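Structure first, then comments.
The values are calculated or read from the model by the stated rules, or taken from the named source; none is laboratory data. This structure is a prediction, so every number in the text was calculated from the model and none was measured. Reconstructed Cβ throughout: ideal geometry from the backbone, glycine too, with neighbour counts over all protein chains shown. The area values use the complete protein model at the heavy-atom level, side chains included, leaving out ligands, DNA and RNA. Shrake-Rupley method; radii C 1.70, N 1.55, O 1.52, S 1.80 Å.
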Amino acid sequence: SAARRPAALAVAPRAAALASAVPDASASRGVFFDELTVVDGVAVLRLDGPGSVNTITFDMMDEVLRLWETIESDPAIKAVCFLSGKKDSFIVGADINMIKTTEDYDKLERDIMLGHDIFARFKAAGKPTVAAIHGP
């Protein structure tokens, strides 16, 4: 039964309903994410970066970190659902061209570790976090 499932699994079936409750991009939209929307205690983050697919970039990590700080500090937010604004994928991986053109390898290492730190913060927040992944 749904009552016995972990909280993250209970959030997942609601992803379609959450997606329809999120307004389309607005003036307050970031470069990679639509405005943070909260629906019934669930923070909904729709990732829709520039280009035909979503890739992980250092700028995207900065933006998600700023949004996550809001989520962490709001006790009314009980769970988080990441959605994709792309039709056929969620995130295809790191932006390889960005990595290949980086000349400051110390900064590259720090930025990659920041990505790991962000996922650790997701886990440490104690708020069930799911990604509504779709595609082939």
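Any chance you could count how many residues in segment 81-136 are of a type in the set (S, T, N, Q) and either in a helix (DSSP H, G or I) or on the phi > 0 side of the Ramachandran plot (or both)? Qualifying residue count, segment 81-136: 1.
Only a single item in (1) open to solvent by 80 Å² or more (accessible area, probe 1.4 Å); (2) closer than 19 Å to residue 133 by Cβ; (3) basic (Lys, Arg) is not met by residue 78, and it is number (2). Scanning segment 32-52 for residues that are closer than 25 Å to residue 112 by Cβ and surrounded by fewer than 16 Cβ atoms within 10 Å (Cβ to Cβ) yields a count of 3.
When restricted to residues that are open to solvent by 40 Å² or more (accessible area, probe 1.4 Å) and free of Cβ contacts under 8 Å to residues at least 12 places away in the same chain, segment 97-136 contains 20.
In segment 1-8 there is no residue matching the filter, namely being at pLDDT below 95, more than 25 Å from residue 113 (Cβ to Cβ), touching a Gly at 6+ places or on another chain (Cβ under 8 Å) and surrounded by fewer than 15 Cβ atoms within 10 Å (Cβ to Cβ).
Scanning segment 85-123 for residues that are among the aliphatic types (A, V, I, L, M) and touching a strand residue (DSSP E or B) at 6+ places or on another chain (Cβ under 7 Å) yields 91, 94.
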